[in-house]
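What follows is one structure encoded as structure tokens, with my remarks underneath.
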Amino acid sequence: MPITSEPDLPIRSVPIGGPAVEALDRRKESSSNPRIAAAELRDSYNGVKDDLFAGIKALAQAVSGSMQR
Amino acid sequence: MTGAGLSAFYASEWAIAERAELLCDVARELLDNGTLPADRIVLREPRIRILTQGYFLLNKAYKDWRIPPGHANEKVRIAALKAIAIARFQPFMPLDPTNANDFTEARCNEIFALVYALGMLRCKLALDSPGKVDLWLRIFDIIAESTVETLAPFIADINRHKQRPLEDYALTLHDRDKLAINSLISIFELVANSPDP
């Protein structure tokens with residue numbers, strides 16, 4: 001059985017290499033959307049910006065309270 | 001950088017200008033509406049064009065690593081790459097960077113990065129439970145600690161006032177950047193697909 005009775009010290013980071021690791025690093029992810037235009041990004045941003053500003057202000061207030069504790 | 005110098009780069013001069021203009025508008029709004037304190041933080045606006053160029057170089061390196069040839073990048077990936085590019089080029093700076101006295105000074109660039117990223121993903125920043133504060137602060141930490149080693153040659157040239165056409169850079173994604181990029185892409189993917197992030 002591939003079980004040892006020793007902890008195989010010292011504990012150190014042993015990089016695992018080989019073709020499977022190389023293949024994992026070389027893998028491609030799926031990406032099939034069309035190119036995104038700046039106008040689309042601007043529309044998305046404009047749709048939520050007020051909520052984002054409010055969220056950041058609320059977060060700053062919450063953090064301010066916790067920093068004073 | 002001349003328009004002719006950029007003509008062979010995958011992102012046109014026009015695309016770079018458009019993205020930089022949007023970033024400038026977001027940055028100015030953060031100051032104008034008081035989200036960032038205009039009396040304590042400076043916006044170094046010319047950096048936004050430089051960071052936009054840096055973003056396109058980083059995006060190219062990322063796509064060469066993970067995206068099939070000829071495919072465009074998706075919004076969550078763009079949001080992550082843009083966020084760490086913003087943090088790396090630090091367009092905002094507190095007047096006294098050694099003495100940040102509140103959250104907005106301490107995380108001014110990360111706030112810009114997250115507002116831009118969530119905005120393009122059409123996501124809100126909800127704080128409906130104590131855990132959400134910790135969640136967002138953790139995301140700010142990840143953005144702040146991403147060093148973007150990939151762009152070191154480009155940044156070195158900028159610092160030497162040596163302008164090279166962007167297509168001259170053949171940058172491969174630095175191993176140290178992969179964790180931050182993968183982490184942020186995963187986080188933005190989860191946030192974008194959550195009904196109430």
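Filter region B:91-108 for residues that are part of a helix (DSSP H, G or I) and buried (at least 23 other Cβ atoms within 10 Å of the Cβ); which is nearest to the chain's Cα centre (by Cα)?
So the first thing to find is which residues in region B:91-108 are part of a helix (DSSP H, G or I), and the list is B:103-106, B:108.
Those left that are additionally buried (at least 23 other Cβ atoms within 10 Å of the Cβ): B:104, B:108.
Values: B:Thr104: 17, B:Cys108: 12 Å.
This residue is B:Cys108.
Only one of B:Leu184, B:Leu173, B:Leu151, B:Leu127 is buried (at least 17 other Cβ atoms within 10 Å of the Cβ), part of a loop (DSSP other than H, G, I, E, B) and modelled with pLDDT of 95 or more; which? Quick ask: steps written out before the conclusion?
Details: B:Leu184 fails: part of a loop (DSSP other than H, G, I, E, B); B:Leu151 fails: part of a loop (DSSP other than H, G, I, E, B); B:Leu127 fails: modelled with pLDDT of 95 or more.
Going through B:Leu184, B:Leu173, B:Leu151, B:Leu127 in turn, the sole match is B:Leu173.
Take the residues of region A:16-28 that are part of a loop (DSSP other than H, G, I, E, B) and over 22 Å from the mean Cα position of the chain (by Cα): which is farthest from the other protein chains (Cβ to nearest Cβ)?
Here is the first cut: in region A:16-28, the residues part of a loop (DSSP other than H, G, I, E, B) are A:16-18, A:27-28.
Keeping just the survivors that are over 22 Å from the mean Cα position of the chain (by Cα) gives A:16-18.
Details: A:Ile16: 15, A:Gly17: 13, A:Gly18: 17 Å.
In this case the residue turns out to be A:Gly18.
Out of everything in region A:1-15 that is closer than 27 Å to B:Asp175 by Cβ and not hydroxyl-bearing (Ser, Thr, Tyr), what residue ends up being farthest from the chain's Cα centre (by Cα)? Before the answer, list the steps.
Initially, region A:1-15 is screened for residues closer than 27 Å to B:Asp175 by Cβ, giving A:8, A:10-15.
Still in the list and also not hydroxyl-bearing (Ser, Thr, Tyr): A:8, A:10-12, A:14-15.
Details: A:Asp8: 33, A:Pro10: 31, A:Ile11: 28, A:Arg12: 26, A:Val14: 24, A:Pro15: 22 Å.
Applying the filter and picking the extreme gives A:Asp8.
State yes or no: is B:Arg122 within 23 Å of A:Ala38 (Cα to Cα), touching a Ser or Thr at 6+ places or on another chain (Cβ under 7 Å) and at the interface with another protein chain (Cβ under 9 Å from one of its Cβ atoms)? Full working, then the answer.
Working: within 23 Å of A:Ala38 (Cα to Cα): yes; touching a Ser or Thr at 6+ places or on another chain (Cβ under 7 Å): yes; at the interface with another protein chain (Cβ under 9 Å from one of its Cβ atoms): yes.
Yes.
Kindly evaluate B:Ala80 against the criterion of being buried (at least 18 other Cβ atoms within 10 Å of the Cβ), at pLDDT 95 or above and farther than 20 Å from B:Arg28 by Cβ. Walk me through it before giving the result.
Working: buried (at least 18 other Cβ atoms within 10 Å of the Cβ): yes; at pLDDT 95 or above: yes; farther than 20 Å from B:Arg28 by Cβ: yes.
In short, yes.
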**OP:** Identify, from the list A:Ser66, A:Ser30, A:Ser5, A:Ser13, the residue that is small (Gly, Ala, Ser) and in contact with a helix residue (DSSP H, G or I) (Cβ under 9 Å, 6 or more places away or on another chain).
**Re:** A:Ser66
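I'm trying to understand the selection: among the residues of region A:29-46, which are assigned to a helix (DSSP H, G or I) and exposed (fewer than 12 other Cβ atoms within 10 Å of the Cβ)? Steps first, please.
Taking region A:29-46 and keeping what is assigned to a helix (DSSP H, G or I), we get A:38-46.
Within region A:29-46, A:Ala39 is the sole residue that qualifies.
So which of A:Ser66, A:Ser44, A:Ser31 is at the interface with chain B (Cβ under 8 Å from one of its Cβ atoms), closer than 20 Å to B:Leu36 by Cα and not charged (D, E, K, R)?
Values: A:Ser44 fails: closer than 20 Å to B:Leu36 by Cα; A:Ser31 fails: closer than 20 Å to B:Leu36 by Cα.
One residue alone meets the criteria, A:Ser66.
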Original post:
What is the number of the single condition among (1) in a loop (DSSP other than H, G, I, E, B); (2) over 30 Å from B:Leu173 (Cβ atoms) that A:Lys57 does not meet?
Top reply: (1)
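The values are calculated or read from the model by the stated rules, or taken from the named source; none is laboratory data. Just so you know, these numbers come straight off a predicted model, no measurement behind them. Backbone-built Cβ (ideal geometry, glycine too); neighbour counts: all protein chains shown.
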